[in-house]
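Novice: Before I ask anything, let me first share the structure, which is written out below as structure tokens.
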Amino acid sequence: MIRNPWPLLLIVIVILAGTPFLAGDGEDTEPPEHKTTIEFTTGYQGSSIDDELLRVAEYDSVDPSPLTGLLWRSSPYDTTTVGLELFRIDADDMSGAFELDAARKARVEATMDGFIHRLDNDPVANLKATSDIKTVRSTDLDFGVDHHIRNQLYNVEAKFQHPGVLGLSFRTGFRATQREGTRQVLSTSHCTSCHVVSQGREVDQSTRDLAVGAHFARGRIDFDYEISGRKFEEDGLTPTAPYEAALRPAPAGWKPAEDGSRGDPCVGADPALWEPGCVPASTPAPFDDRLWFQSTDLTVNKIPRVERLAHKFKARAAVGDDSSFKLTIVQSTTENETTSLEYDFTAYRASYYTMVGRNLRLNVYANHEELENDDVFVDLPAIFGPAPAVGYPGFPAPPGVTFQNWRRSDGDDEPAGLAAYNALVEFEQYLRESRLDRTEDRLGFDFVWRPVRRGSVRFGFKHRNVDRDNPATKLGFDSAGNLVEFTVDGETTDNTFKVAWNQRFRKRTRLNAAVTYTTTDNPYANVNGGLRQFAGYRASDGGVLGSTPVPPGPRGTASLQYYELHAFRVADLGLHPSEDLTMRANARWSPKKAKWSLGGNARFRTAENDELDYTDWQRDSWGVGANVLVAGGSKFLFNLGVDHAFQETDAEAIVPLMDG
Amino acid sequence: MLSDKSEIYVNGSLSQTDGSFDTLHIHEYSDVPIDLIDQDATDGGTAGELPGPGDDGILPGELPEATDPALKFHDYDFTEVHDYSNLEYDELRITLGANYEVLPSVKLFGAVALYDLDDNEPYLQNATGAVTVVSGGITWMF
């Protein structure tokens, strides 16, 4: 059910209250002519189920259930019609519709649909492995549970013609989506032990939209304005999952366990008598871990409440007999009510449409969009307190420093050997500026040329420029071994060309074909998202890529530190192509006066990204298909088809590494 | 349509969907330290071979011990990874129904629907299933 039905009820009450007045206006006051049809349906549905319903009835309600249906159509006035349809199988599967037309001065349409969606439940049984010190394992707390969501959609739209002002109309609409059920949630406890926990979570989501608008048309000019609000809420209980204590490497005087964790203390005070495998007494203590999230149960999959308010203004003016100009302005503010953060979106679009002669249709358009998010000052100590130094059960927390302590030291009161202060290593408090902040401009045109009666050729061009306000930065080492920050190019530009041909031959053959080519400069990428290779962990071992020597780790000499691994991440990853060519064609042929037709289609696409340095990729795909369609009037339709698709990708595969 | 008062209808579809990946071709760099892969038979692996996915004897939902030898496997050679993406579904969906007008204001209806799906390449979950739905009822018109 809709959690807050008042907007819907308000709309219906206003409409029903106004209907007699509208219907009784002027000539409509003639005696009503009653035309009413009522149909009532009842029945029963039984079923037999074998094995899984997950795919075979992904959206179907198949449980045994009574069937109920109602159809009511009435014309209480000769210019007014009312209709109502309801059909219900069970709570998971029902539909309804209502419509009212009062002399076209007030029109109301309302629909309701309910359906079930059965969801996967991955048993996560494949997530079990160890390597060196790293472990991944999984626990499924909801093994075998059939998750599903019950969806209910409500939509009401009403439109009124102003009785006194010709061309002025008002409209209002309410739309609600309710989703209830359970679904799978995965969470990961990180740092050495990668423990994936699967569990079901309650889903009780509602999305509600309410819109009010006005439209005015007079002569060659149209104006339209709409204000709309959306509210999204998740009232399902937020689950919790265990976050375990971080495993730490063995310090001096300890013998590491087989899984790479600290293990046990070596017996005796004399290092010379320690058993083989013990960490030498001269080894510096490793860094303290800096995990706030460990040794407790924490909330996972928390879903924020979101609210949005949007304004949309449109204007259209006819210029001459065959031309028109359109302007659209959109402004919206979306707030995450859980965090009180907002983003603003503003868009302007102008287009001009005209006929050039009798055979050429031209459309030119320009867009300008701005997206701006609130900055976030991340202050982890203010939220969670100081990062704890967590020892093993029964053992005190070991002395030591965090990497941030080490990098931020001023050298006065820290142990010798610490590096100079570097503000780049600041993960407790920092300002996060959104990478999504951007200005996007588009400029393009389409023209359709009809050189012959049954054929047309379309040419299109679009230029797009995306200018990000806060381009990505990446950390790396310079030739002197200093940690430095680089800023990447924040501008992406693409140009798209399109040619399409549509032709009919003697009414029996139809052919259309299109070629689209897009070239992109600096496509979107996950900057420094991948580690191409690692060989020789440090400068003393030969460095990485030959020219990026890394200073020796100050704590622990045998294991790779996370900041070293991050600095080695030099490979940008990207799914968007820098070159993209698509060709497609399809044809259909039917013999004269026949009731069947033969169709075929072919498509080819080649795309590549050659701007990623280490991870350039190329992907070619093609497909062909054919079908026979037999249409024997309105009572018979038969379709037999086959389709084959092929894709070949040549890309760098980067093996995921866990660096906890 | 059989007569003015009765009709029989049938609609259905039969589809076979098949998708598969070729074996991945890996261009290995000589400096990638694949020698870190544990190939020692004493810990449950097989000496001289790169271990791959298989029956590890652990039931889903069961928490393994950290030293369980079944945990000792990797698939760095990627020779079997492509099989994870294989799909093969055979699906039949057919409905046979009939309507009969008993009186001008009364109609009977009935239908049998058969949905049958074979998942021939299950991964993680076997989606094979079938359901038969029988429905019938009466409609009054006023």
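The values are calculated or read from the model by the stated rules, or taken from the named source; none is laboratory data. Since the structure is predicted, the reported quantities are computational estimates derived from the model, not experimental observations. Counting neighbours? That spans all protein chains shown, and the Cβs are built from the backbone with ideal geometry, glycine included. These accessible areas exclude ligands, DNA and RNA; they are computed on the full protein's heavy atoms, side chains included. Shrake-Rupley method; radii C 1.70, N 1.55, O 1.52, S 1.80 Å.
Novice: Exceeding 18 Å between C-alpha atoms, which entries from my cross-link table qualify? They are A:K314/A:K462; A:K507/A:K595; A:K462/A:K498; A:K635/B:K5; B:K5/B:K107.
Specialist: A:K314/A:K462
Novice: Ignoring everything but the protein chains, give the 1.4 Å probe accessible area of A:R150 in square angstrom, nearest 10.
Specialist: Approximately 100 Å² for this residue.
Novice: For region A:436-477, which whole-number percentage of the solvent-accessible area (1.4 Å probe, protein heavy atoms only) is attributable to carbon and sulfur atoms?
Specialist: 55
Novice: Compute the FRET efficiency between B:L87 and A:L575 as 1/(1 + (r/R0)^6), taking r as their Cβ-Cβ distance and R0 = 25 Å, and round to the nearest 0.05.
Specialist: That pair, B:L87 with A:L575, gives E of 0.70.
Novice: Sum up the charges of everything whose Cβ sits under 14 Å from the Cβ of A:D620, counting Lys and Arg as +1 and Asp and Glu as -1, but leave A:D620 out.
Specialist: -3
Novice: Taking the solvent-accessible surface of protein heavy atoms with a 1.4 Å probe, what is the per residue accessible area of region A:100-237 in Å²?
Specialist: 45
Novice: Here's something else I'd like to know. I'd like the interface area for chains A and B: accessible area of each alone minus the complex, both sides summed, 1.4 Å probe, protein heavy atoms only. What is it in Å² to the nearest 100? Don't skip to the answer; put the middle values down first.
Specialist: Numbers: alone 38350 and 11110 Å², together 45260 Å².
Rounded to the nearest hundred, the buried surface is 4200 Å².
Novice: Now for a separate question. Label points 7 Å out from Cα along the Cβ direction at A:A382 and A:T207: separation in nm?
Specialist: Spacing of the two 7 Å Cα→Cβ label points: 3.3 nm.
Novice: Accessible area per residue of region A:345-385 at 1.4 Å probe, in Å²? The partial results should precede the final answer.
Specialist: Values: 2510 Å² over 41 residues.
With all protein chains present, region A:345-385 gives 61 Å² per residue.
Novice: For peptide A:123-129, compute the average count of partner chain beta-carbon atoms within 10 Å of each residue's beta-carbon.
Specialist: Mean inter-chain Cβ contacts per residue within 10 Å come to 6.
Novice: A further question follows. Near the amide H of A:A103, under 5 Å away, which other amide H atoms are found, from residues 5 or more places off or on another chain, if H is placed in the peptide plane?
Specialist: Excluding prolines and chain starts, which carry no amide H, the hits are A:T80, A:T81.
Novice: While we're on this one: How shielded is A:50-62 by partner chains, expressed as the average number of their Cβ atoms within 10 Å of its Cβ atoms?
Specialist: 6
Novice: Right, another one. How large is ³J(HN,Hα), in whole Hz, for each residue of region A:91-100 in order, when computed from phi with the Karplus curve 6.51 cos²θ - 1.76 cosθ + 1.60 and θ = phi - 60°, using x for Gly and Pro?
Specialist: Rounded to whole hertz, the list is 5, 8, 9, 8, 8, x, 8, 9, 9, 9.
Novice: On the accessible surface of region A:106-179, probed at 1.4 Å, how many percent belong to carbon and sulfur atoms?
Specialist: The value for region A:106-179 is 56 percent carbon and sulfur by accessible area.
Novice: Continuing with the same structure: In region A:136-154, which residues become less accessible by 10 Å² or more once every protein chain is in place, relative to the chain on its own, using a 1.4 Å probe?
Specialist: A:R137, A:S138, A:T139, A:D140, A:F143
Novice: Could you let me know the centre-to-centre spacing of region A:53-81 and region B:97-142, using Cα atoms, in angstrom?
Specialist: A separation of 15 Å, based on Cα centres.
Novice: Any chance you could list P(r) for region A:108-229, counting all Cα-Cα pairs in 5 angstrom bins from zero, rounded to whole %?
Specialist: Bin by bin from 0 Å, the calculated values are 2, 9, 13, 11, 10, 9, 8, 8, 7, 6, 6, 5, 4, 2, 1, 0, 0.
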